[in-house]
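The values are calculated or read from the model by the stated rules, or taken from the named source; none is laboratory data. Model, not experiment: these values are computed from the prediction. Cβ atoms come from the backbone with ideal geometry, glycine included; neighbour counts cover every protein chain shown.
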Amino acid sequence: MSGIRTLCCHVTTATLSFAVLYLTGNVLKLVGIILMVSLDKEAFSVTYHDSKATRGQRVFDISTQILMLVLMSISAVLVLFSKRKGPMFVLPFVLMMFVELSLSFLSLFGGAWGLPGTPNYRDMLQAVKSQKRVDRLNEEEIGQFTMEYSVLFMLDILLKAYVLHVSMRCFYALKAESMAAVSVDTGNTVTVKLPSYDEALKMKAQVTPPSYHEA
């Protein structure tokens, strides 16, 4: 049982819990993006502000973010039915976690690769400047902000890697259970009813030896 347990619970239970939290976070991000668009606020990364993106680029950016969040939410919903439907309902969640982990690494090289609804380094730095109501931060403030952001970023990466690992173990555990159930259902068994002691005596009495004739 140790191979299918994590943090004192079954990997299936852990994956279901992660899926619920994942779904809740994605729905909140989706609502946030829709509210920013409906309130006519900028819902784009800092990179697009600097490059003065056109209206078409902004519409494409919002559309891809919403589509990505919808796909992530669907994959999390499918996990809720994996216990009854089988391991294939966990596979989309595993793939989306792999994609999210990859995009998290790519966001280090450019804000355009960031996850939808997740602020990157430049977005967070801009938010800190707006909060302090300054145009630039001094070296000490930038160093402290960079250190805090790096720690949070690494914790986020480790958490996503752990969720990916647990969901993969859940997939293989459900697959093993499904294969075991199929082998039990299709197994051929032969049942033989043995006679009782009294029935065996009667059968022995009824058997008469062949007649003997001298040649």
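Below are the figures for this structure:
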item	result
So V90, is it modelled with pLDDT of 75 or more, more than 17 Å from S150 (Cα to Cα) and buried (at least 19 other Cβ atoms within 10 Å of the Cβ)	yes
Segment 69-89 residues that are touching a residue at least 40 places away in the same chain (Cβ under 8 Å) and closer than 18 Å to Y172 by Cβ, paired with ones that are among the small types (G, A, S) and in a helix (DSSP H, G or I) (beta carbon under 7 Å, 6 or more apart)	V79/A19; G86/S178; P87/S178
Any chance L174 is at pLDDT 60 or above and either within 22 Å of L103 (Cα to Cα) or part of a loop (DSSP other than H, G, I, E, B) (or both)	no
Hits in segment 9-29 - residues which are surrounded by 15 or more Cβ atoms within 10 Å (Cβ to Cβ), of a type in the set (A, V, I, L, M, F, W, C) and under 12 Å from L80 (Cα atoms)	A14, L16, F18, A19, L23
Residue check, L137 over 26 Å from I66 (Cα atoms), surrounded by 15 or more Cβ atoms within 10 Å (Cβ to Cβ) and at pLDDT 75 or above	yes
